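The values are calculated or read from the model by the stated rules, or taken from the named source; none is laboratory data. Fair warning: this is a prediction, and the values are worked out from it, not measured in the lab. Quick reminder, even Gly has a Cβ in these numbers, built from the backbone with ideal geometry, and neighbours come from all protein chains shown.
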Amino acid sequence: MDRVVLDSLEPLIAVLTGMGYTVAGPTVRDGVIRFAEISSAADLPAGWTDEQNAGRYRLRRAAGPEATGSQDRLETGDASAGDGEQVFGYAASPDSAKRYTHPPRTTLFRLRDGVPEEAGREAPPIALLGVRPCDLAALAVQDRVFLGGRYPDPAYRARREALLLIAVDCATPGGTCFCASMGTGPTAVSGFDVALTELTGPHRFVAAAGSPRGAGLLAALPTRPATAADLEAAEEVGRTARTRMGRRVELDGLKERVAEAHDSPIWNETASRCLSCANCTMVCPTCFCTTVEDGADLADGTAARAERWDSCFTLGFSELGGAPVRGSGAARYRQWLTHKFSTWVDQFGGYGCVGCGRCITWCPTGIDITEELERL
Amino acid sequence: MTPTGTSAPRTAPPGVEQPGAHPMLPAPYRVRSRRPDRADTVTLALEPVRGECPPFLPGQFTMLYAPAVGEIPISISGHARGGGYVQTVRAVGAVSRALCRTGAGQIIGVRGPYGTAFDLRAAAGLDVVVAAGGLGLAPLRPVIRELAAHGSRYGRISLIVGTRTPATLLYPRELARWSRDFDVLITVDHPDRAWKGPVGLITGLVDRIVFDPRRTCAFVCGPEVMMRATAAELVRRGVPAGRVALSLERNMKCGVGRCGHCQLGPLFTCLDGPVLTYDRVAALLEVREL
Ligand SMILES: Cc1cc2nc3c(=O)[nH]c(=O)nc-3n(C[C@H](O)[C@H](O)[C@H](O)COP(=O)(O)OP(=O)(O)OC[C@H]3O[C@@H](n4cnc5c(N)ncnc54)[C@H](O)[C@@H]3O)c2cc1C
Ligand code: SF4
Ligand code: SF4
Ligand code: FES
């Protein structure tokens, strides 16, 4: 489909709302970018950018040195800013689309007269604005886990299909990003309904539809055809972003190298810095592991069973007959890294990492998987 | 700004109807009978409250749900009369204790059967060695029953069993019956005064049975150390590693490849296992804390 130009996101949000979607987009919350319900383009984080490095995340105003007063705005969450400022000028945030497709906790069933009764499957329609290319790739990975096998999950499918994805190309990758070397970004190629490239001077968006749903949506908006200059400017965004990746991973021979590294001394060395806090698996957009919990349903006190995110960094994860199989931190760190870059390929035909850099940024002790891979 | 005169659909897709059962939803089964086996072990016969229970293959397991307590993987030990599963549970923790306490008439949840099976077709015409350690006899019971029922399809059949004490021996009456059909040897770790049989590791029994290694198929289930030692001994004697089947145990929260807990290197024990041949797992079992 031909690409078009949108001068404002306001009509997009209004049309989506009119269609019955809850629109969720990036907002400034508690000093980070988070997905939250938005009602207007003014809710978007205009003028904000982030600094990310191993164990470090910081939001700041994009223009020049930190302006006085910006800290106040950060804390009060007043993210609105003047015209012309980028609204998607930051890299991956701790939230990913996983929160919507594979929520941290879901009720599986409740007991009615002692018999398990499935919790409702209907998923509310949500339009997710500002999904990054790495997260689109992560959704494709998740699809293989929850839909690709012998036991597809109809509740996941319902949530997935109720999600309308509006991707935004990355213009300002962070210091921990390496999507370019994983082949998952910084430009959205597939897996979206609409993909936007944000341009400044003047502020506008080049939009492309990636599905009939997306095409219908664009047709309903006030747009104009993209000019050659618009398209060239959009290309340039991708080219520049590519050169700004803070990290990279060499994929050549990686799967085999990791598989053969069972006895590497780095596991012990890394474990001495790892707190087994599970932050990396929680922020990771592809980690899918869960455990189950039995308890009383808050709504009416009946017994209910819930599924919630779990992590291979916990001791209980591998518990077997009273003791964990992976008792040492070294074995748990090895499981995480080996799964991402080696056994995931055996299981699902691709890597379990999309290069979003979140696990590096949010590691309290700054353990960097790209560095660990290089040391193997 | 209000969109007017647009060609866009008026409403978002209302939660598209998703067919198919949820893989994590247990079906209600009634406990038809409950038979205490040993001090800590109970055998339940389960029948579906509605409809029929799906067929199973020897070595497969179900996820048994004790209402409001939890859910655990338990092997299927046989068909229940009238259609259903026979499953033997040892009380070791919260969920298994709750299952063992379940009385006749009560409702529990069942998902499955799941996982790979002991391949009896591969054993046709060959000598068969069945090696069970402790509760490992439970998943092997359907294998042994098939061997007893159709002995002529196989070569020489031997069953070797290891148990802690004579009192912890599982299915003693059936073992006595099977010993009329083929060689059954039992060893105990700690004999009592009446015990006249072998004492010590089950690997010690491998020397006492007759089989032609090159033409032998083995089915092994028990604690991991016991399985590794037995498989290694059989392979050392010349049985091809691809014909030695083990049933592996890992933490399992789903049984259907979504919780991640049962991973053993590239394998999901619930989907790729629990029954796996030794050639596929020997190297993985060598790695500590994999
Ligand atoms: C394929 C397979 C077949 C099995 N067949 C049988 C059988 O026929 N009879 C029988 O008595 N037991 C069997 N087990 C072992 C049984 O699943 C465990 O004893 C049971 O999970 C313990 O749960 P618990 O809550 O009672 O104990 P806890 O020790 O409190 O366990 C807590 C949790 O850890 C996990 N866990 C602990 N030990 C095991 C284990 N050995 N295997 C898997 N998960 C574990 C479970 O999720 C369990 O809910 C089998 C295990 C597997 C993997
Ligand atoms: S492993 Fe790290 S970089 Fe890779 S997808 Fe997960 S969080 Fe992102
Ligand atoms: S890295 Fe760990 S938590 Fe993430 S998917 Fe793999 S086993 Fe699960
Ligand atoms: S038991 Fe959940 S993935 Fe195997």
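Give the residue, chosen from B:LEU185, B:LEU140, B:LEU169, B:LEU159, that is closer than 17 Å to B:LEU248 by Cα, surrounded by 16 or more Cβ atoms within 10 Å (Cβ to Cβ) and touching a residue at least 12 places away in the same chain (Cβ under 8 Å). Before you say what the answer is, go through the steps one by one.
Details: B:LEU185 fails: closer than 17 Å to B:LEU248 by Cα; B:LEU169 fails: closer than 17 Å to B:LEU248 by Cα; B:LEU159 fails: closer than 17 Å to B:LEU248 by Cα.
Being closer than 17 Å to B:LEU248 by Cα, surrounded by 16 or more Cβ atoms within 10 Å (Cβ to Cβ) and touching a residue at least 12 places away in the same chain (Cβ under 8 Å) holds for just one of B:LEU185, B:LEU140, B:LEU169, B:LEU159, which is B:LEU140.
Sort out which residues of the stretch A:287-345 are basic (Lys, Arg), within 16 Å of ligand 4 (Cβ to nearest atom) and under 26 Å from the mean Cα position of the chain (by Cα), and write them in order of number. Let's see the steps before the verdict.
Our first condition is that a residue be basic (Lys, Arg); within the stretch A:287-345, this holds for A:305, A:308, A:326, A:332, A:334, A:340.
Keeping just the survivors that are within 16 Å of ligand 4 (Cβ to nearest atom) gives A:305, A:308, A:326.
Scanning the stretch A:287-345 gives a single hit, A:ARG308.
Does the stretch A:234-246 contain any residue that is of a type in the set (A, V, I, L, M, F, W, C), away from ligand 1 (no atom under 16 Å from the Cβ) and within 14 Å of chain B (Cβ to nearest Cβ)?
Keep residues of the stretch A:234-246 that are of a type in the set (A, V, I, L, M, F, W, C), which gives A:234, A:237, A:241, A:245.
Keeping just the survivors that are away from ligand 1 (no atom under 16 Å from the Cβ) gives A:234, A:237, A:241, A:245.
In the following step, the residues that additionally are within 14 Å of chain B (Cβ to nearest Cβ) were identified as none.
No: the stretch A:234-246 contains no residue that is of a type in the set (A, V, I, L, M, F, W, C), away from ligand 1 (no atom under 16 Å from the Cβ) and within 14 Å of chain B (Cβ to nearest Cβ).
So, of the residues in the stretch B:29-61 that are within 14 Å of another protein chain (Cβ to nearest Cβ) and surrounded by 18 or more Cβ atoms within 10 Å (Cβ to Cβ), which turns out to be nearest to ligand 3 (Cβ to nearest atom)?
Going through the stretch B:29-61, the residues within 14 Å of another protein chain (Cβ to nearest Cβ) turn out to be B:29-31, B:40, B:48-51, B:54, B:60.
Subsequent filtering for residues that are surrounded by 18 or more Cβ atoms within 10 Å (Cβ to Cβ) retains B:29, B:31, B:60.
Numbers: B:TYR29: 30, B:VAL31: 34, B:GLN60: 24 Å.
The qualifying residue nearest to ligand 3 (Cβ to nearest atom) is B:GLN60.
Condition test on B:VAL69, is it more than 16 Å from ligand 3 (Cβ to nearest atom), within 14 Å of another protein chain (Cβ to nearest Cβ) and surrounded by fewer than 16 Cβ atoms within 10 Å (Cβ to Cβ)?
no
For the stretch A:105-126, which residues satisfy the criterion of being surrounded by 15 or more Cβ atoms within 10 Å (Cβ to Cβ) and more than 8 Å from chain B (Cβ to nearest Cβ)?
Matches in the stretch A:105-126: A:THR106, A:THR107, A:ARG110, A:ALA119, A:ILE126.
State all residues of the stretch B:55-102 that are of a type in the set (Gly, Ala, Ser), more than 26 Å from A:ALA306 (Cα to Cα) and away from ligand 4 (no atom under 16 Å from the Cβ); if no residue qualifies, say none. Can you show your working first?
Applying the first criterion (of a type in the set (Gly, Ala, Ser)) to the stretch B:55-102 yields B:59, B:66, B:68, B:70, B:75, B:77-78, B:80, B:82-84, B:91, B:93-94, B:96, B:98.
This time we only want the ones that are more than 26 Å from A:ALA306 (Cα to Cα), so: B:59, B:77-78, B:80, B:82-84.
Of everything in the stretch B:55-102, those that are of a type in the set (Gly, Ala, Ser), more than 26 Å from A:ALA306 (Cα to Cα) and away from ligand 4 (no atom under 16 Å from the Cβ) turn out to be B:SER77, B:GLY78, B:ALA80, B:GLY82, B:GLY83, B:GLY84.
Conditions tested, residue by residue: (1) more than 30 Å from A:SER318 (Cα to Cα); (2) at pLDDT 95 or above; (3) more than 14 Å from chain A (Cβ to nearest Cβ); (4) more than 16 Å from ligand 3 (Cβ to nearest atom).
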{"residue": "B:ILE76", "(1), (2), (3), (4)": "no, yes, yes, yes"}
{"residue": "B:GLY83", "(1), (2), (3), (4)": "yes, no, yes, yes"}
{"residue": "B:ALA94", "(1), (2), (3), (4)": "no, yes, no, yes"}
{"residue": "B:LEU99", "(1), (2), (3), (4)": "no, yes, no, yes"}
{"residue": "B:THR102", "(1), (2), (3), (4)": "no, yes, no, yes"}
{"residue": "B:ILE108", "(1), (2), (3), (4)": "no, yes, no, yes"}
{"residue": "B:THR116", "(1), (2), (3), (4)": "no, yes, no, yes"}
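Table: residues versus (1) more than 16 Å from ligand 2 (Cβ to nearest atom); (2) under 19 Å from B:ALA138 (Cβ atoms); (3) free of Cβ contacts under 8 Å to residues at least 60 places away in the same chain; (4) aromatic (Phe, Trp, Tyr).
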residue: B:VAL235; (1), (2), (3), (4): yes, no, yes, no
residue: B:VAL239; (1), (2), (3), (4): yes, no, no, no
residue: B:GLY242; (1), (2), (3), (4): yes, no, yes, no
residue: B:MET252; (1), (2), (3), (4): yes, yes, no, no
residue: B:PRO266; (1), (2), (3), (4): yes, no, yes, no
residue: B:ASP272; (1), (2), (3), (4): yes, no, no, no
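Is the stretch A:347-369 home to any residue that is modelled with pLDDT of 95 or more, surrounded by 15 or more Cβ atoms within 10 Å (Cβ to Cβ) and more than 22 Å from the chain's Cα centre (by Cα)?
no
Results for (1) more than 21 Å from A:THR200 (Cα to Cα); (2) modelled with pLDDT under 95, shown as yes or no for each residue.
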| site | (1), (2) |
| --- | --- |
| A:PRO11 | no, no |
| A:THR17 | yes, no |
| A:THR22 | yes, no |
| A:PRO26 | no, no |
| A:ARG61 | no, yes |
| A:GLU66 | no, yes |
| A:GLU75 | yes, yes |
| A:GLY82 | no, yes |
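Which residues, taken from the stretch B:218-252, are within 11 Å of ligand 1 (Cβ to nearest atom) and among the polar types (S, T, N, Q)?
Answer for the stretch B:218-252, where residues must be within 11 Å of ligand 1 (Cβ to nearest atom) and among the polar types (S, T, N, Q): B:SER247, B:ASN251.
For the stretch A:303-331, give me each residue that is more than 9 Å from chain B (Cβ to nearest Cβ) and touching a residue at least 60 places away in the same chain (Cβ under 8 Å).
Of everything in the stretch A:303-331, those that are more than 9 Å from chain B (Cβ to nearest Cβ) and touching a residue at least 60 places away in the same chain (Cβ under 8 Å) turn out to be A:ALA306, A:ARG308, A:TRP309.
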